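The values are calculated or read from the model by the stated rules, or taken from the named source; none is laboratory data. Because the structure is predicted, anything quoted here is derived from the model rather than measured. Cβ sites come from the backbone with ideal geometry, for glycine too, and all protein chains shown count toward neighbours.
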Amino acid sequence: MSNLLKSIFSGFNKIGRTSEGSAIGVDIGSSSIKVVEIKKKGGKAVLETYGAIALGPYADLEAGRVTNLPVEKVALALKEVLKQSGVMGKNIALSIPIQSSLIFVLDLPAQIGEDEVAAIVPTEARKYIPVPITEVSIDYFILPKREQSFEEMNNPEMPSMPADKINVLVVVTQNDAIGKHRSILSQSDLESSFFEIEIFSSIRANFEHELSPVLLMDFGASRTKLSIVEFGMVKSYHTIERGGADITNSISKSLSIPFAEAEKMKKDFGLYGDPAEKTLADIIRVHIDYIFSETNNVLLGYQKKNDRTISKVIFTGGGALLKGLKEVAADNFRAEIETGHPFSKVEAPAFLEKVLITMGPEFAVALGLALRKLQ
């Protein structure tokens, strides 16, 4: 492998198989592309291969930097990561970045019939969409009514569920984003079974059978994405415009060191701090405190509106394994803190177990896409 590729690839593993009957998920992020291929064997999902490629070098930047590459460069990187990972199939499932989308819940009168919802949603959605309606595609899903919990049924003082509303989850996607992804596929000589907004793929990869509201925190390079999920349904979604690359940038500027060195220090020491550089933990802590403060505001708003508290926080994304993150989170949230382990949903060789636990959060979206395609 050339020096360029060594600087681009963050890891790939070929386990040895054919592409027949396989499902390929591809997550094109702001700083990297991740790919996962799985296959159904004996009624179980089995990991075939996975790989990641940094996009920074394709923009003449360091690995880990946030990029905004033209279609041609993204297609070039996509073909390279598929080649190096040993993916042979041409039909993939592809994620749409959340920044190209809008997710919200509409409260509509309960007496409205399902056939009327289709006509009402576009009109009501206009109030939330900051661009002309002709520039977006709108999809929606009527959320099932939540049944009362045991505590609610046996505690008359607890607020009852409103019976005069139906909740509709609305998903709006920019047509330009869909067009860009189609162009990437075309220039990569690939086809896609479907496009899916990344957060839904991540939920599929990280969740089991959670009965109480859970917060999924996706720590990306350019932003942190918050999804409050109940019974597998997104009830609230928010984005915090700060991510892992911002932290590395601050370390680089504060300590006057190259970005690549700052990225290594962040991963090696995290919030535990570097004994040789006392200010490292403080630099990182400023960003984490901001992210957690914004998150608490979201949780308080959700609790006030729904009279429901969050029972668990699941970390996912490339920044989820920052050292010391769970300990700081435990001081911020009155909830169980858990780091997602997406690869637990597939079978893989035992010798890969530790590697997959470490890399799992970063591959959640790609794996979630593959899991849907395999169904």
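Among residues of the stretch 130-142 that are in contact (Cβ under 8 Å) with a residue 40 or more places away in the chain, those with a Cβ under 7 angstrom from a residue that is in a helix (DSSP H, G or I) and surrounded by 11 or more Cβ atoms within 10 Å (Cβ to Cβ), sequence gap 6+ or separate chain, pair up as GLU135/ASN175; SER137/ASN175; SER137/ILE178. GLU72: assigned to a helix (DSSP H, G or I), closer than 28 Å to THR248 by Cβ and at pLDDT 90 or above, yes or no? Yes; evaluated as a whole, the condition is true for this residue.
In the set SER212, SER201, only one residue is at pLDDT 95 or above and either within 24 Å of ALA54 (Cα to Cα) or surrounded by fewer than 23 Cβ atoms within 10 Å (Cβ to Cβ) (or both); that residue is SER201. For the stretch 322-369, taking the residues that are assigned to a helix (DSSP H, G or I) and of a type in the set (Val, Ile, Thr), the one that is surrounded by the most Cβ atoms within 10 Å (Cβ to Cβ) is identified as VAL365. With respect to the conditions (1) more than 13 Å from the chain's Cα centre (by Cα); (2) at pLDDT below 95, ARG242 falls short on a single one, namely (2). Here the stretch 273-321 is the region considered, the condition is being farther than 19 Å from GLY244 by Cβ and of a type in the set (Val, Ile, Thr), and the residue that is surrounded by the fewest Cβ atoms within 10 Å (Cβ to Cβ) is THR309. One residue alone among SER192, SER201 is within 24 Å of VAL168 (Cβ to Cβ) and not acidic (Asp, Glu), and that residue is SER201. Pairs are defined by a Cβ separation below 8 Å, a sequence spacing of at least 6 or placement on different chains, a first member in the stretch 58-69 that is touching a residue at least 12 places away in the same chain (Cβ under 8 Å) and outside any loop (DSSP other than H, G, I, E, B), and a second member that is among the β-branched types (Val, Ile, Thr) and surrounded by 15 or more Cβ atoms within 10 Å (Cβ to Cβ); the pairs so defined are TYR58/ILE8; TYR58/THR67; TYR58/VAL74; ALA59/THR67. Where strands (runs of 3 or more DSSP E) sit wholly within the stretch 163-280, those with at least 1 residues that are within 25 Å of ALA93 (Cα to Cα) and polar (S, T, N, Q) occupy 165-174, 191-197, 224-230, 233-240. Within this structure, ALA119 passes the test of being assigned to a helix (DSSP H, G or I) and modelled with pLDDT under 90. Filtered by the rule that a residue be part of a helix (DSSP H, G or I) and either more than 22 Å from ALA205 (Cα to Cα) or more than 20 Å from the chain's Cα centre (by Cα) (or both), the stretch 79-116 gives LYS79, GLU80, LEU82, LYS83, GLN84, SER85, GLU114, ASP115, GLU116. Among the residues making up the stretch 62-75, those that are touching a Leu at 6+ places or on another chain (Cβ under 9 Å) and of a type in the set (A, V, I, L, M, F, W, C) are ALA63, VAL66, LEU69, VAL74, ALA75.
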